[in-house]
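The values are calculated or read from the model by the stated rules, or taken from the named source; none is laboratory data. As the structure is a computational prediction, the values presented were derived from the model and not from experiment. Glycine also receives a Cβ, built like all others from the backbone with ideal geometry; neighbour counts cover every protein chain displayed. To get the accessible areas, we keep the full protein, side chains included, count just its heavy atoms, and leave off ligands, DNA and RNA. Shrake-Rupley method; radii C 1.70, N 1.55, O 1.52, S 1.80 Å.
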Amino acid sequence: MRREEHGAEFPESSALPAERKPLKLVLGFLRGLVPGISTVLILAIFNHSGWFALLGGVFGMLLYDVLAFVEWLFGRSLGRKKTPQRQDIVGEAARQAFVAMVWPWLLIYGLLAIGAAVGLFSLSSQQSPLFALICGALSLLFCISLFRWIMMAGLSVLVLFLLPNWEKGLDPPPGEGERMGNDERED
């Protein structure tokens, strides 16, 4: 740190911002192995040959790594924006707000996964490196969309069906609250 005439401090140019840690980039690249391996398995399911599936897996992994690098470089997640959270709604109103927020994303991710699967199925007869790149991108889209669809569907089941039963278990029985109040008055 150095001081100028006006007393302002300037950080050193070699310091990285908090969100740009090299370990975060390495972990993003290692996470790229999951879509790469998934791409190989998906392409094998769609009846592509071994070398084509491996090449498509490498392309899918490289595309994911490029996305991880861009996220690391700019310090924010692509496609995910933080929205202000409202903490004042509870119960049934909160569940209705959750459904209103989630159902469009369920539809979008479901359609993306179906479209990618149809594209992979229709390209099953092509066996060139260009089509391996296209199939790698389609299978990466399929993996990400299917994962997010499953996550949203699981959260919806949790919020809509399991959470109300859990909330009922936390509420005291109707007569117990009155007895506690009477016991305290007697003391």
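Which pairs have Cβ atoms under 7 Å, sit 6 or more apart or on different chains, and link a residue in the stretch 143-166 that is of a type in the set (G, A, S) to one that is open to solvent by less than 100 Å² (accessible area, probe 1.4 Å) and at pLDDT below 90? As it stands, the answer is S156/V102, since those pairs meet every condition given.
Please indicate, with yes or no, whether at least one residue in the stretch 86-108 is over 30 Å from V159 (Cβ atoms) and either of a type in the set (A, V, I, L, M, F, W, C) or at pLDDT below 80 (or both). No, the conditions are met nowhere in the stretch 86-108.
Contact map, the stretch 18-45: residues that are within 25 Å of L120 (Cβ to Cβ) paired with residues that are surrounded by 13 or more Cβ atoms within 10 Å (Cβ to Cβ) and of a type in the set (D, E, K, R), Cβ distance under 6 Å, separation 6+ or inter-chain. Pairs shown: F29/D65; G32/D65. Within the stretch 109-117, not a single residue is modelled with pLDDT under 90, open to solvent by 60 Å² or more (accessible area, probe 1.4 Å) and within 22 Å of the chain's Cα centre (by Cα). Of the set (1) more than 17 Å from the chain's Cα centre (by Cα); (2) in a helix (DSSP H, G or I), all apply to Q127 but (2). The set of residues in the stretch 32-74 being on the phi < 0 side of the Ramachandran plot, loosely packed, with under 13 Cβ neighbours inside 10 Å and not aliphatic (A, V, I, L, M) consists of S49, G50, W51, F74. Of the residues examined, L146 is not one that is modelled with pLDDT of 90 or more, within 19 Å of the chain's Cα centre (by Cα) and farther than 30 Å from K21 by Cα.
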